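K.L.:
Have a look at the structure that comes next, please.
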Amino acid sequence: MSAQLPASLSEDTVRRIAEERDEPDWLLETRLNALNALDDLDLPDVIQTPGRRWTNLDALDFESLVDPLDQADVTERAGDEGAVVLPFTEAFEEYGDVIEANFGSVLDPQENYFTALSVALFTTGTFVYVPEGVDAEDVTVRAEMNSRSLFSQTLVVTEESSSVTILEGIESGEAVDGDRYFSNLVEIAAGENSYVQYGSLQNLDEDTYTYTLKRGDTDDYSTINWIEGNLGSKLTRSDVETELNGDGSETQIVGAFFGHEDQHFDLNARVWHKAEHTTADLVTRGVLDDVARSVYEGVQDVGGDAWNTSSYQRENTLMLSDEAEADASPKLIIKNHDTEASHSATVGQVDAEELFYMKSRSIDPTTARNMLVEGFFVPVLEEIRVDEFRTDLEELVEARLE
């Protein structure tokens, strides 16, 4: 089932967005194809059990949420020496051929209704290009959303034997009456023997519906590592995925979330092992308070030709309230026998014995609980090898606990 199209969405709307940004003809054609496909595309799949859809994406009222011609953001970009970090509008002239060759090569614009809508309407985004042999350790993209709806697109291309660490942050800026919608598509094309670390921290206000799909494609001996932190938004649908298409390639997906009040998180981590000697590690930890809700699906898909695969997954959710709800669905799909793989998921309350012990040592109940929560996140924080990202996440967790 597809959603209700906004009344203001038309071919003229899309052409106006492209013309204002002085985009090449191929991108206008891509936008229009995505627009024309909307009527035939479904919403993203959600986990269902008999009589229940765990996340109701049908409830999103795009008629009121989306205003295509009133998108506003303030985005600060900083690049390391040797790396290209530009908004698309400034990148086409010199890097148009690279963008055309890679845009949509990892993430099909017509993947689902949300992706097509985003490709048709995006007005902000970033192109990151790392030439062969360049090591870029400090690329940052910090965005502030200042409109009712905002559609963002990011493309990362790394050439052979290069490396880059990218930190992305998104938060709300100017106040808007009513609900908002933010869409963020990220695709990474990692060249042979290159290394990409992409960290994203979402802290939008709790009147915002958020959809993000991040997907990477590895070449031989390349690595794509993701860090995904979600603390904001009313409803967050986040998909982080890697296709291990190169022999000897690797990926890690590290996730952290903290929900309170009536926040809802639908979080998905997926890895497809399609080549030989590939490795994946999926680690997610989350905390829920009040009547917050989380749904997690982790998929490790090992193809028939993916010999000598190593794939691991663990997800843990800590409940601070009896009214909070969490569901986890880890999945192993293995199509050959030369595989080492495991998965686990746990959902539980704060340990009563640990809490009692701390209170018996004259630690007040709130401080004791907060210490246990901070300790719960340690295994994920230890996997985050970017000091700035780890510090930002720790500060947001501490602020939420206060």
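The values are calculated or read from the model by the stated rules, or taken from the named source; none is laboratory data. The shown structure was predicted, so the numbers you read here are calculated from the model rather than taken from an experiment. So basically every Cβ, Gly included, is an ideal-geometry build from the backbone, and we count neighbours across all protein chains shown. Remember, those area values only see protein heavy atoms, side chains included, never the ligands or the DNA or RNA. Shrake-Rupley method; radii C 1.70, N 1.55, O 1.52, S 1.80 Å.
K.L.:
Return the long-range amide H neighbours of Thr154 (sequence gap of 5 or more, or a different chain), with a cut-off of under 5 Å between placed amide H atoms.
P.N.:
Here the answer is Thr126, Leu185, Val186, Glu187, since their amide H atoms fall under 5 Å of that of Thr154.
K.L.:
Further question on the same structure: Need one number: the % of Cα-Cα pairs in the stretch 274-402 sitting beyond the 21 Å mark.
P.N.:
53
K.L.:
Let me ask you something else. Rg over Rh of the stretch 235-326, using C-alpha atoms and the Kirkwood radius, what does it come to?
P.N.:
That ratio is 1.10, to two decimals.
K.L.:
Then there is this: Sorted by average packing, counted as other Cβ atoms within 10 angstrom per residue and highest first, what order do 105-113, 143-151 take?
P.N.:
143-151, 105-113
K.L.:
Pop a pseudo-label 7 angstrom from the Cα along the beta-carbon direction at both Val350 and Asp58 and give the gap in nm to one decimal.
P.N.:
Each label point is offset 7 Å from its Cα along the Cβ direction, giving 3.8 nm.
K.L.:
List every DSSP H helix in the chain whose Cα atoms extend 15 Å or more along the helix's own long axis and whose mean Kyte-Doolittle hydropathy is at least 0.0.
P.N.:
Helices meeting the span and hydropathy rule in the chain are 365-383.
K.L.:
Let me see the P(r) profile for the stretch 15-82: every Cα-Cα distance counted, bins of 5 Å, each bin given as a percent of all pairs.
P.N.:
Histogramming the stretch 15-82 at 5 Å steps yields 3, 10, 13, 15, 16, 16, 11, 8, 5, 2, 0 percent.
K.L.:
Lys335: which aspartates and glutamates have alpha carbons under 20 Å from its alpha carbon, excluding same-chain residues fewer than 8 sequence positions away?
P.N.:
Glu241, Glu243, Asp247, Glu250, Glu276, Asp281, Glu297, Asp301, Asp305
K.L.:
Starting from the residue with the highest accessible area, list Leu318, Leu396 in decreasing order, probe 1.4 Å.
P.N.:
Largest to smallest exposure gives the sequence Leu396, Leu318.
K.L.:
Can you give the % of DSSP beta bridges in the chain that are antiparallel, to the nearest 5?
P.N.:
That works out to approximately 10 percent antiparallel.
K.L.:
Let me ask something else about it. With the alpha-carbon atoms as the only input, what is the per residue convex hull volume for the chain in Å³?
P.N.:
143
K.L.:
Counting only residues 5 or more places away or on other chains, whose amide H sits under 5 Å from the amide H of Asp247 once H atoms are built in the peptide plane?
P.N.:
Under 5 Å from the amide H of Asp247 lie the amide H atoms of Asp220, Tyr221, Glu276, each far enough along the sequence or on another chain.
K.L.:
Whole-Hz Karplus ³J(HN,Hα) for the stretch 325-334, in order, using 6.51 cos²θ - 1.76 cosθ + 1.60 and θ = phi - 60°, x for Gly and Pro?
P.N.:
Rounded to whole hertz, the list is 10, 9, 10, 9, 9, x, 9, 10, 10, 10.
K.L.:
Work out the FRET efficiency for Glu20 and Ile363 from their Cβ-Cβ distance, taking R0 = 41 Å, and round it to the nearest 0.05.
P.N.:
The value I calculate is 0.10.
K.L.:
With every protein chain kept in place and ligands, DNA and RNA left out, what is the accessible area per residue of the chain? Probe 1.4 Å, answer in Å².
P.N.:
On a per-residue basis, 41 Å².
K.L.:
What are the residues whose amide H is under 5 Å from the amide H of Glu228, where those residues sit 5 or more places off or on another chain and H is modelled from the backbone?
P.N.:
The list, which skips near neighbours in sequence, is Ser200, Val254, Gly255, Ala256.
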